[in-house]
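Values quoted throughout were computed directly from the atomic coordinates according to the rules given, and no laboratory measurement underlies them. Model, not experiment: these values are computed from the prediction. For neighbour counting, all protein chains shown are included, and Cβ atoms are generated from backbone atoms with ideal geometry for every residue, glycine included.
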Amino acid sequence: MGLNGRVPAEFSLRPAQPTDAAWIAELRAVVMQPDLERLGRWDPIRVRERFLNAFQPEHTFVIAVEGHAAGVIAVRPEPDAQWIEHFYLAPEFQGQGLGAGVLRRILGESKDHRPFRLNVLQGSPARRLYERHGFVMETEDPVDVFMVAG
């Protein structure tokens, strides 16, 4: 069951398309705003531009629940790791176990032996999700916590 007592919904992952960029940039802004404001780093233009300038649809999946886009996750291969990036769930889908299900699928279906890496903003509640799935802090700075698993 999810944290709010609801059973997490079934979900599917579909490859992202270049046309998904605009709504994903908006989702990123909504999801990251509270943490960025708390860290004194909120910039409504930059939060969108950073995503749009880095968007790689070939490494990105849209998380769909009952046919509706509920979020997004990217897994970008690097020579020494697989980077989990742009993992955002729309607020109405948070706290139901969906993020845990997506993360379990991504980690469990990988045939790659390179470790997974990610970074999460300091103080973000998402860090607990990553720790429950075996991620440990590798390094940190005043803004980001860099984590590794595998």
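Once the other residues with Cβ under 13 Å from the Cβ of PRO125 are scored (Lys, Arg +1; Asp, Glu -1), what is the net sum? Let's see the in-between values first.
Values: positive: ARG38, ARG127, ARG128, ARG132; negative: ASP35, GLU131.
Counting the neighbours of PRO125, the net charge comes to +2.
As I understand it, the dipole of region 39-144 uses +1 on the Cβ of Lys and Arg and -1 on the Cβ of Asp and Glu, about the Cα centre. Which of TRP42, ASN53, GLY99 lies farthest toward its positive end?
GLY99
Counting Lys and Arg as +1 and Asp and Glu as -1, each charge on the Cβ, what is the dipole of the chain about the Cα centre in debye, to the nearest 20? Provide the component values of the computation, followed by the final result.
Working: 17 positive and 20 negative charges, 51 e Å.
Here the size comes out at about 240 debye.
Tell me what the chain gives for mean residue ellipticity at 222 nm when only DSSP H runs of n ≥ 4 count, each as -39,500 (n - 2.57), the sum divided by the residue total, rounded to 500 deg cm²/dmol. Intermediate values should be presented prior to the final figure.
Details: 4 runs with 48 residues, N = 150.
The helix-only estimate for the chain comes to -10000 deg cm²/dmol at 222 nm.
Specify the inter-centroid distance of region 28-56 and region 133-150, based on alpha-carbon positions, in whole Å.
Here the answer is 20 Å between Cα centres.
Return the loop-located trypsin sites (Lys or Arg not before Pro) in region 46-115 (DSSP other than H, G, I, E, B) with at most 13 other Cβ atoms within 10 Å of their own Cβ; answer none if there are none.
Here the trypsin sites (Lys or Arg not before Pro) that fit, given the DSSP loop and packing criteria, are LYS111.
Sticking with the crude label model, points 7 Å out along Cα→Cβ, report the distance from GLN17 to LYS111 in nm, one decimal please.
With each label point 7 Å from Cα toward Cβ, the separation is 2.8 nm.
Stretched out fully, how many nm does the piece from THR139 to ASP80 gain, at 0.36 nm a residue minus the Cα gap?
Details: separation 59, 0.36 × 59 = 21.24 nm, distance 1.63 nm.
Roughly 19.6 nm would be gained on extension.
Using r as the Cβ-Cβ distance of TRP42 and GLU66, and R0 as 30 Å, what FRET efficiency do you calculate, to the nearest 0.05?
0.40
Ranked by Cβ crowding within 10 angstrom, fewest neighbours first, how are HIS113, HIS68 ordered?
HIS113, HIS68
Between (i) 7.7; (ii) 12.2; (iii) 8.9, which matches mean projected area of the Cα convex hull in nm² calculated for the structure shown?
Recomputing mean projected area of the Cα convex hull in nm² here gives the entry labelled (iii).
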